[in-house]
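First comes the structure, then the notes that go with it.
The values are calculated or read from the model by the stated rules, or taken from the named source; none is laboratory data. In this text, all values refer to a predicted model and were calculated from it rather than measured experimentally. Using ideal geometry, Cβ is built from the backbone for each residue, glycine included, and neighbour counts are taken over all protein chains shown. These accessible areas exclude ligands, DNA and RNA; they are computed on the full protein's heavy atoms, side chains included. Shrake-Rupley method; radii C 1.70, N 1.55, O 1.52, S 1.80 Å.
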Amino acid sequence: MTKKKPPRRQIASPPSHPHQPGEGRCLDILRQLSAYIDDELAEDICAELRRHVGACPNCEEFIASLRDTVTLCRHHHPPPLSSQDRARLRRNILQAWKPEGPR
Amino acid sequence: MPVTPFAKTPEAFDKLYREHVDLVYRYAYRLCGDMESANDLVQETFLNAFRGMNAFRGEAQVSTWLYTIASRAAMRLRRKRKGAPERELSLEEFIPTSDGEFRLQIPIEGLTPEQALENKELREALDQAINKLPKKYRIALVLRDMEGLSAKESAGIMGLSERAVKSRLHRARLFVRRELSGTGVTQEHSRSDAKGWRPRRSGS
């Protein structure tokens, strides 16, 4: 099923309160971002974080890219096991097991 | 659903194998990143499962039991050819040091995840990013974000607390995000630009 992804909000203006390395609450915020995007934060912390993110385009963009990362992981599927490999693996396992088997 | 303990017979093995080989293979492939290593891990997992069949009491789902065996086997298997050395990922290393780093983007704007992953380069970049993760973080990411298990289930499989799983998952996501973000890629990149996107070659 293909679902149309809503367009991300455009960031036109420069950040009003950019984070400075080593300053502010970068680490505090960074620590909570997965819990935030997984909806696991307590309501008050979530509201505080949302307020901050709303005022900080940098954090908003960071969170968007973290969400994109999780979304890609969730939709990334490996190639299926071929029927030949399925049969070969079964044979190999049974052969390897035989010496200590019950018979 | 409770599971009847297995008898250690070829018939029981066949049933176990038939019903779960696709799940184990998918998990193994996601952990290993290539077919050959995934096949090795599938063999190791089923062999260990078969040897331990008598000890399985059906208290957990069979799939959870197999995930646990596969995860342990993956931790034991030596890395072949590629992958990152085992190391701790600290949160500090993911703090952006400039506005540019904050705003690095994964260029999938306007695309569904399925469409984005049709891009071979993006798919390969994602594979590489996951492969570069130290194993213990990779297992957390694969169980939670790829296999779709809960934190509680993942914690049981990994033998950790839920809190520890969440911490590893978070660091793993930050790592993959950083690896996937192309240098200089901005919001202005269009859909067609995204298709021609080249992954950043990180020195980390």
Go through (1) facing chain B (nearest Cβ under 9 Å); (2) under 30 Å from residue B:42 (Cα atoms); (3) in a helix (DSSP H, G or I) one by one and return the number of the condition residue A:77 breaks. (3)
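With B:158, B:146 as the choices, which residue is away from chain A (no Cβ under 11 Å) and either of a type in the set (Val, Ile, Thr) or surrounded by 18 or more Cβ atoms within 10 Å (Cβ to Cβ) (or both)?
B:158
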Extreme residue, nearest to the chain's Cα centre (by Cα), among residues of segment A:56-83 that are touching a residue at least 24 places away in the same chain (Cβ under 8 Å) and open to solvent by 40 Å² or more (accessible area, probe 1.4 Å): A:67
Regarding segment B:7-21, can at least one residue be identified that is under 18 Å from the mean Cα position of the chain (by Cα), open to solvent by less than 60 Å² (accessible area, probe 1.4 Å), closer than 24 Å to residue B:172 by Cα and not aromatic (Phe, Trp, Tyr)? no
Mind telling me which of the residues B:27, B:67 ends up being touching a residue at least 60 places away in the same chain (Cβ under 8 Å), facing another protein chain (nearest Cβ under 10 Å), assigned to a helix (DSSP H, G or I) and within 20 Å of the chain's Cα centre (by Cα)? B:27
One residue is enough: does segment B:28-50 have a residue meeting the conditions among the basic types (Lys, Arg) and open to solvent by 20 Å² or more (accessible area, probe 1.4 Å)? no
Would you mind finding the one in B:59, B:11 that is more than 10 Å from chain A (Cβ to nearest Cβ), at pLDDT below 90 and within 16 Å of residue B:157 (Cα to Cα)? B:59
Go through (1) open to solvent by 20 Å² or more (accessible area, probe 1.4 Å); (2) touching a residue at least 12 places away in the same chain (Cβ under 8 Å); (3) over 26 Å from residue A:84 (Cα atoms) for residue B:55 and report which single condition fails. (2)
Being in a helix (DSSP H, G or I) and either buried (at least 18 other Cβ atoms within 10 Å of the Cβ) or touching a helix residue (DSSP H, G or I) at 6+ places or on another chain (Cβ under 9 Å) (or both) is the requirement here; does residue B:126 meet it? yes
Looking at segment B:163-173, which of the residues that are farther than 21 Å from residue B:69 by Cβ and charged (D, E, K, R) is most open to solvent (accessible area, probe 1.4 Å)? B:163
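From the list B:106, B:139, exactly one residue is modelled with pLDDT of 95 or more and crowded, with 24+ Cβ neighbours inside 10 Å. Which is it?
Sole residue among the options that is modelled with pLDDT of 95 or more and crowded, with 24+ Cβ neighbours inside 10 Å: B:139.
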Take residue A:14 and decide whether it is under 18 Å from residue B:101 (Cα atoms), modelled with pLDDT under 90 and touching an Asp or Glu at 6+ places or on another chain (Cβ under 6 Å). no
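Among the listed residues B:155, B:172, B:164, which satisfies the condition of being within 21 Å of residue B:63 (Cβ to Cβ), part of a helix (DSSP H, G or I) and at pLDDT 95 or above?
Going through B:155, B:172, B:164 in turn, the sole match is B:155.
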Restrict the check to segment B:82-103 and report whether at least one residue is on the phi > 0 side of the Ramachandran plot, at pLDDT below 95 and more than 14 Å from chain A (Cβ to nearest Cβ). yes
